[in-house]
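Following: one structure in structure tokens, then a few remarks.
The values are calculated or read from the model by the stated rules, or taken from the named source; none is laboratory data. Here the structure is a predicted model, which is why all the values come from computation and not from measurement. Heads up, the Cβs are rebuilt from the backbone with ideal geometry, glycines too, and the neighbour counts pull from every protein chain shown.
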Amino acid sequence: MLVPAVTPPFPLTWGFTTREDPDSALPPVRLKQVHGCGVVEAAGDVQEADGVWTQARGLAIGVQVADCVPVLLAGLVRGRPWAAALHAGWRGTVAGILRRGVAVFTAQGGRPEDLAWALGPAILKCHFEVGDEVVAAARRDPAFREDLAAPGPRGRPHLDLHGLLRARPWTWAWTRPGTGRWPCAPSAPRNCCTPTAWATARDASGA
């Protein structure tokens, strides 16, 4: 398991598993992921959403990703631990899954500037070839910068999904660069560049 460089604000085992981790290290499947921005509380049944949160001590949660970005959040709500895992593909990122996760935290009394967060292994800009409509959708995001997209070697655009997620908090009124815990853990290696360790939908070996 890859452990983020950011330390959560309470004792918590968090990180990103790879193909090298045993099945026993994986949390139970709690979501039917649909590339949206729904965020739900962990329950006994599998729910249709792309984010899951809990305040239950000892309850393991997580999301499954291939090319998409796994996002971990952790903070205290009125002194009680709160944690979430989000599945952020380009659709969910543009639709606002990160904002939705933070909104769940704040609705329960948490302060977003106190959140610790980390982005896990995902496809990065060098391999993430997308259609023009994807870049057009990303450009509608207030966090978008032109350096987040560029033509690839085949003439089709490439998108920096990690960069777009990292940029989002700086567009929100409650945080500014250099304050709080929002500077996130450095991203892990690219899925496509290390196919023996990571599962990716663009790798011939499959996810």
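Report yes if V63 is of a type in the set (V, I, T), at pLDDT 95 or above, under 26 Å from H158 (Cα atoms) and under 13 Å from the mean Cα position of the chain (by Cα), otherwise no. Before you say what the answer is, go through the steps one by one.
Values: of a type in the set (V, I, T): yes; at pLDDT 95 or above: yes; under 26 Å from H158 (Cα atoms): yes; under 13 Å from the mean Cα position of the chain (by Cα): yes.
Yes.
Quick check on this structure: which one of L76, L86, L98, L165 is under 12 Å from the mean Cα position of the chain (by Cα), under 20 Å from W53 (Cβ atoms) and not in a helix (DSSP H, G or I)? Quick ask: steps written out before the conclusion?
Details: L76 fails: under 12 Å from the mean Cα position of the chain (by Cα); L98 fails: not in a helix (DSSP H, G or I); L165 fails: not in a helix (DSSP H, G or I).
When all the criteria are applied, what remains is L86.
I'm told T18 meets every condition in (1) out of contact with any Ser or Thr (no Cβ under 8 Å at 6 or more places or on another chain); (2) buried (at least 16 other Cβ atoms within 10 Å of the Cβ); (3) over 27 Å from L159 (Cβ atoms); (4) of a type in the set (V, I, T) except one. Can you identify the failing condition by its number?
Unmet condition: (3).
Can you tell me how many residues within region 1-49 are β-branched (V, I, T) and out of contact with any Leu (no Cβ under 8 Å at 6 or more places or on another chain)?
Adding up the residues that qualify gives 6.
Are any residues in region 122-140 touching a residue at least 12 places away in the same chain (Cβ under 8 Å), out of contact with any Cys (no Cβ under 7 Å at 6 or more places or on another chain) and not basic (K, R), and if so, which ones?
First, the residues of region 122-140 that are touching a residue at least 12 places away in the same chain (Cβ under 8 Å): 122-132, 134-135, 137-138, 140.
Restricting the remaining residues to those that are out of contact with any Cys (no Cβ under 7 Å at 6 or more places or on another chain) gives 124-126, 128-132, 134-135, 137-138, 140.
Within region 122-140, L124, C126, F128, E129, V130, G131, D132, V134, V135, A137, A138 meet the criteria.
Every residue in region 20-59 that is among the β-branched types (V, I, T) and part of a loop (DSSP other than H, G, I, E, B), please. I'd like the intermediate steps shown before the answer.
If we filter region 20-59 for residues that are among the β-branched types (V, I, T), which is where we start, we get 29, 34, 39-40, 46, 52, 54.
Passing the criteria: V29, V34, V46.
Hey, does region 58-65 have a residue that's surrounded by fewer than 21 Cβ atoms within 10 Å (Cβ to Cβ), free of Cβ contacts under 8 Å to residues at least 12 places away in the same chain and at positive phi?
Yes.
Tell me, yes or no, whether region 122-134 has at least one residue that is at pLDDT 95 or above and farther than 13 Å from H35 by Cα. Please lay out each step first, then the result.
The first filter runs over region 122-134 and keeps only residues at pLDDT 95 or above, leaving none.
The answer is no, given that none of the residues of region 122-134 is at pLDDT 95 or above and farther than 13 Å from H35 by Cα.
Select from region 125-145 the residues that are of a type in the set (D, E, K, R) and in a loop (DSSP other than H, G, I, E, B) and list them in ascending order. Spell out how you get there, then give the answer.
Of all residues in region 125-145, those of a type in the set (D, E, K, R) come to 125, 129, 132-133, 139-141, 145.
Within region 125-145, K125, R140, D141, R145 meet the criteria.
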